[in-house]
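Take a look at the structure set out below.
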Amino acid sequence: MDSMQGIVGVRPYIPITQKFQHFQTKLKQRLSLSLSLALPNIFAVQAYDTLWALAMAVEKVNRSTIPGSATKSELRDAIVKTKFEGISGDFFLVDGELKRPTFEVFNVVAEKETIIGNWIEGVLFSIKSISRPIWPGHTTDPPWINLTIGIPVNGFPEFVNANIIHPQKSTGFCIDVFKSVVEVLDIPIRYTFVPFVDKNGKSNGSYDDLLRQIDMQKFDVIVGDITIVANRSELVDFTLPYSESRISVLFPERNEKKDQSMWIFLKPLKWNLWFVSIISFIFTGFVVWLMECRVNTDFGAGPPQQQIGLIFWFSFSTLVFAHRERILNNLSRFLLIIWVFVVLILTQSYTANLSSMLTARRLQPIFPRQNEMRKNEVFVGYQKDSFVRSFLITQLHFAETQLRAYGNPDDFKEALNRGISNGGVAAIFDEIPYIKVFLRRNPSGFRMVGPTYPTGGLGFAFPKGSPLVTYFSRAILNVTEDKVHMNGIENKYLLNENAPPIPDSTDSPLDVRRFGGLFIITIVANSLSLLIYLIQFFLTHELDSTGYVESTFASRLVEMVKLFYRMHFHSSSLQTAQSRVRSVPATPPLITHDHVNLTHNLVDAQSSSSLQQPTHSRVHSVSEIAEATTPDHDNPTEDPHNLGVKNEH
């Protein structure tokens, strides 16, 4: 009994009722004297009540059927529906099983036991009051759990900064998370940090060696930047991860002041953006020319080849806003406003990206892919005593001769700066939290490049089968879900607010997706302007053309299309557009036979003074006569021959 002082136990609860006392009395009478001194246990009581339930079910079935004819299913249904008050309390089945029993919590004090309370379905209650247990040492304070915590001394001090002289003053991200988890627990815990060092104060082994100390019962818990991986789970039980982690690659970058290629001017834009831009330039120039050629001499004069050149000239001259052609159509003006805005955005973006390529620092990884590093048999690094070494060998298939181990961020930096030609490495493989810490220490000259490889994250290690794993895992969830508290710990150790941000040193060409909205606006503006212009043209000439009113719609549509073609694309139509605007024709008008006779009569009548008249006066008189006799071309619809349409009626 002395060794049981302060013990708290649990046993099934049997209510002391009159039925139970009567059962106990009868049981003592039928048992021998040695057996009658012991109280019946819960199994005897439940067996007694079960036999009563079976007997009651049989009687119930026999009353409803012929005795001896009851089936198994009828008997089973009768047992399930049986309810009565037995010596163990109310007897009834829930889903074919007895209801959950009530447990009695007791405490051993001296040579007696004290009932603390009853426990049923997770609730502690008592009819009178719940008394506090007396723990070993005759105290009401619950006993403390003393834990010896092993902490690593290698790696990044941001995660675990072990103080060998005063271990309880050790700091770091993992240490603060552990302390926060202990504060959340309802279990009183005392812990002592013990650095994993040898007699000389140096690291006593790798992380795997540290985990093996739990099986050797030197440590109760391991707290540190321990990554959860499959082979380690065979040694210890891990809690839920308190920090996510992935493996990535850290590269040095070569610094280039400028690109030496003579085609550098093409690199700011991708080929798809170049292609779409050129098509947009030509299409916009064509639409503007189409709407201006009938009314504007700047667009409508000249042979077809000159008009094609004008389309290209006008559209591409908007790049430098050098177009001088007049715009008379309001639809063309609307379209030109939209297009100038698009050109402005494109040119400014092109200029900015080209300037960055020519003047900004260019940082590029030397070996951007791990396949190239493996094939070229270059050296790569990893953090000393980390599981990354086995990962590189088993998963990424690097040769052991290619691997170099480094212990801290300064070693990382030195190895990367030396490079493969001077005894360094081409890249460092490590977990992302460590790489982020390194990049915040060294924000320039290095870059983290994917792909990333998932891991189990960081967790605390306990002995196999330890009941504390469940409690710590639940507490870790409570701590990590408090984002304000977790962000405070991360900002304290993992983030450097004074360090400049990690630069994005890539000058990627611009693609068409970034300007998709601008080109959609351009297409809509061109299509809308062209549609309105065509509707205006067909409506106007539909009203003016009365020679084929009685024709079918299809034939009228064909004639209208022919008319549209002759008035916009026929060479004679393009040349006559100039005569509708200028007061003096660009070429002498056609002189008919009547014009010649009239001219001779005028010359004979003024023969006496013809020698005294200036040459330009005589030419001007002929021009005036020719212009007076030339048909009116201002309205081409008045003459069917000018429209190119014959009146078949």
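Here are the numbers:
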read-out: Interchain or long-range residues, amide H under 5 Å from Phe159's placed H; value: Phe173
read-out: Qualifying lysines (Cα of each under 19 Å from Cα of Lys60; at least 8 residues distant if same chain); value: Lys72, Lys81, Lys83
read-out: Principal axis dimensions, the stretch 369-454 - Cα atoms, whole angstrom, descending; value: 31, 30, 23
read-out: Inter-probe distance in nm under a simple model that places probes 7 Å from Cα toward Cβ, at Leu557 and Ile532; value: 2.5
read-out: Förster-model FRET efficiency, 35 Å R0, Val320 and Asp511, C-beta, rounded to 0.05; value: 0.90
read-out: Residue order, fewest to most beta carbons within 10 Å, for Leu210, Leu528; value: Leu528, Leu210
read-out: Restraint check, Lys202/Lys436; Lys436/Lys464; Lys436/Lys483, Cα-Cα greater than 30 Å; value: Lys436/Lys464
read-out: Spin-label pair Asn371/Val94, simplified geometry with 7 Å Cα→Cβ offset, distance in nm; value: 6.1
read-out: Estimated inter-spin distance, Asp482 and Lys72, nm [label 7 Å along Cα→Cβ]; value: 5.9
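We did not get these values from a lab; they are worked out from the coordinates using the rules stated. Just so it is clear, the model here is predicted, and its values are computed rather than measured. Positions of Cβ are generated from backbone atoms using ideal geometry, with glycine treated the same way; all protein chains shown enter the neighbour counts.
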